[in-house]
């Protein structure tokens, strides 16, 4: 991949991944899901998750799994609002880029 | 290195961050290993890199969070770059326009070389070992209160001292003026007297040469004294008075500075 994934885009991707699971999802799975679309070092995600959690875009809770507590991440209302903003921004941005690169307009 | 060793090392490296942050991070990585499963343990260890690198990433994240909180509302630039060496290098970097710059960068070499850098506002470089603690600058509030109370109690003394100082300055100025006027008047008087006496002497020489010469001599001495007085007056006006003014200005400046400090 020659294009950079910025902090904002990474936030958007993580929020999107987490929002796919209404019950919440856990660190390892988030990492695997994000890594399906962008190349990402495994240690990069923790600070992002922690920041989103501090910004109240996500909440964490522990749930029992296979005899131990597993930490789950679930998107909040604020996180959803943030994600919606990111989606709109992305639509505009990618539309413009596609238009200039490929010469076609996107709605 | 296995999972336990990795987590122990990570815990050790995270000793200088808040307890809650350390627990959170350790829980995350413990979960991560558990969810990856024992069969993937080595793979995860390889991909995570050294505990130091992971610890640095966590600390950089903490620092970045702090920076974000500090620059909330203001414009901030966040540059984010991470390069994972090895076969293919991936770099991601982003700039969110503005002024205050936060750059965090981690580079992982093939053999575990880790570089990190964090710059806040372009001026101070902060590393995670010394998190930017906001120190209150200047004198603490209680000290100001104490100083004010002290000033109130000492005010009779301070006022008296100020009055004395003012009196001294006025006295010095008065003395100077008196000297200037005194010497000036004496100068004029002696010059005039010298001139008159000399002329009288010269006139007298015709009548009685001896006494006339004496009177003329006295007149010339008188004139010389007048010139001396004139020189003193000129010196007072040219040097002493400006020096005195400078001195007074210096004293006033000192007092003013001290007041500013309080």
Revision key, fill the gap. Inside segment A:10-28, the number of residues satisfying the requirement of being more than 7 Å from every other protein chain (Cβ to nearest Cβ) and either crowded, with 16+ Cβ neighbours inside 10 Å or touching a residue at least 60 places away in the same chain (Cβ under 8 Å) (or both) is 13
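Can you pull out every residue in segment B:1-39 that is exposed (fewer than 15 other Cβ atoms within 10 Å of the Cβ) and in a helix (DSSP H, G or I)? Please lay out each step first, then the result.
Filtering segment B:1-39 down to residues exposed (fewer than 15 other Cβ atoms within 10 Å of the Cβ) leaves B:1-2, B:4-5, B:8, B:12, B:15-16, B:18-20, B:23, B:37-39.
Scanning segment B:1-39 gives B:4, B:5, B:8, B:12, B:19, B:20, B:23, B:38, B:39.
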Revision key, fill the gap. Scanning segment A:36-61 residue by residue, the ones that are closer than 23 Å to residue B:53 by Cβ and facing another protein chain (nearest Cβ under 10 Å) total 16
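Only one residue in A:28, A:93, A:46 is assigned to a helix (DSSP H, G or I), out of contact with any strand residue (DSSP E or B) (no Cβ under 7 Å at 6 or more places or on another chain) and more than 26 Å from residue B:47 (Cα to Cα), so which one is that? I'd like the intermediate steps shown before the answer.
On the way: A:28 fails: more than 26 Å from residue B:47 (Cα to Cα); A:46 fails: more than 26 Å from residue B:47 (Cα to Cα).
Of A:28, A:93, A:46, the one residue that is assigned to a helix (DSSP H, G or I), out of contact with any strand residue (DSSP E or B) (no Cβ under 7 Å at 6 or more places or on another chain) and more than 26 Å from residue B:47 (Cα to Cα) is A:93.
For segment A:62-77, enumerate the residues that are more than 9 Å from chain B (Cβ to nearest Cβ) and either over 17 Å from residue A:48 (Cα atoms) or outside any strand (DSSP E or B) (or both). Before you say what the answer is, go through the steps one by one.
So the first thing to find is which residues in segment A:62-77 are more than 9 Å from chain B (Cβ to nearest Cβ), and the list is A:63-64, A:67, A:72-77.
Passing the criteria: A:63, A:64, A:67, A:76, A:77.
Going by the conditions given, is residue B:189 loosely packed, with under 15 Cβ neighbours inside 10 Å and under 30 Å from residue B:256 (Cβ atoms)?
On the way: loosely packed, with under 15 Cβ neighbours inside 10 Å: yes; under 30 Å from residue B:256 (Cβ atoms): no.
Taking the combined requirement at face value, the residue does not satisfy it.
Conditions tested, residue by residue: (1) under 24 Å from residue A:61 (Cα atoms); (2) facing chain A (nearest Cβ under 7 Å); (3) touching a residue at least 24 places away in the same chain (Cβ under 8 Å); (4) in contact with a strand residue (DSSP E or B) (Cβ under 6 Å, 6 or more places away or on another chain).
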residue	(1), (2), (3), (4)
B:20	yes, no, no, no
B:26	yes, no, no, no
B:29	yes, no, yes, no
B:34	yes, yes, no, no
B:40	no, no, no, no
B:43	no, no, no, no
B:56	no, no, yes, yes
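Read-outs: derived from the displayed coordinates by stated rules, not from any lab. As the structure is a prediction and not an experimental result, all values here were calculated from the model. Quick reminder, even Gly has a Cβ in these numbers, built from the backbone with ideal geometry, and neighbours come from all protein chains shown.
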